[in-house]
């Protein structure tokens, strides 16, 4: 009986870590699939393929993106603690308003203390002049030269 209990406890501790590794690998594979499908579509445009082939390749790109989105949601659901952080304390005079691409933030909102590590949350890597910034429960990619919003993920943090 004791061996059975120990085997159960051991299995319960091993399988979550295996599922996590599989999920991260799935997300990488899905991103690779999206890039490949997009390359196929671009090749069809360049080579003058038929409308039917182009339509099929567009559908493949759409399906690959949907698969990535579904796997991302599964990853988020499986790791909710990673997306819970301390309460957001904005700059002086902060009042949350939903923002869209193109919105311009004041420099106080994209200060270094609000930066988010893209690798920790599996976000798109940043370029030289853009950063992921926490804004309330959202995460926003901002061009730090002028404060313009480049990408928004609403309700990212719990």
Problem set entry | Residue match in the range 100-107 (condition: exposed (fewer than 11 other Cβ atoms within 10 Å of the Cβ) and in contact with a strand residue (DSSP E or B) (Cβ under 8 Å, 6 or more places away or on another chain)) | yes
For this session: Please tell me if residue 63 is modelled with pLDDT of 85 or more, exposed (fewer than 14 other Cβ atoms within 10 Å of the Cβ) and part of a helix (DSSP H, G or I).
Result: yes
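Does residue 110 qualify as being touching a helix residue (DSSP H, G or I) at 6+ places or on another chain (Cβ under 9 Å) and either over 19 Å from residue 27 (Cα atoms) or surrounded by 15 or more Cβ atoms within 10 Å (Cβ to Cβ) (or both)?
Numbers: touching a helix residue (DSSP H, G or I) at 6+ places or on another chain (Cβ under 9 Å): no; either over 19 Å from residue 27 (Cα atoms) or surrounded by 15 or more Cβ atoms within 10 Å (Cβ to Cβ) (or both): yes.
Here the answer is no, as residue 110 does not meet what is asked.
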For this session: May I ask you to list the residues in the range 118-130 that are loosely packed, with under 15 Cβ neighbours inside 10 Å and touching a strand residue (DSSP E or B) at 6+ places or on another chain (Cβ under 8 Å)?
Result: 124, 129
Seminar exercise, completed: Residue hits (the range 66-94; outside any helix (DSSP H, G or I) and either in contact (Cβ under 8 Å) with a residue 40 or more places away in the chain or over 16 Å from residue 134 (Cβ atoms) (or both)) are 79, 84, 85, 88, 90, 92, 93
Exercise. Among the residues of the range 107-120, is any in a loop (DSSP other than H, G, I, E, B) and in contact (Cβ under 8 Å) with a residue 40 or more places away in the chain?
Worked result: no
Exercise. Can you tell me which residue in the range 131-148 is surrounded by the most Cβ atoms within 10 Å (Cβ to Cβ), limited to those that are out of contact with any helix residue (DSSP H, G or I) (no Cβ under 7 Å at 6 or more places or on another chain) and under 26 Å from residue 80 (Cβ atoms)?
Worked result: 140
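The values are calculated or read from the model by the stated rules, or taken from the named source; none is laboratory data. Bear in mind that the values here come from a model prediction, so they are computed numbers and not experimental data. Every residue, glycine as well, gets a Cβ built from its backbone with ideal geometry; the counts of neighbours run over all protein chains shown.
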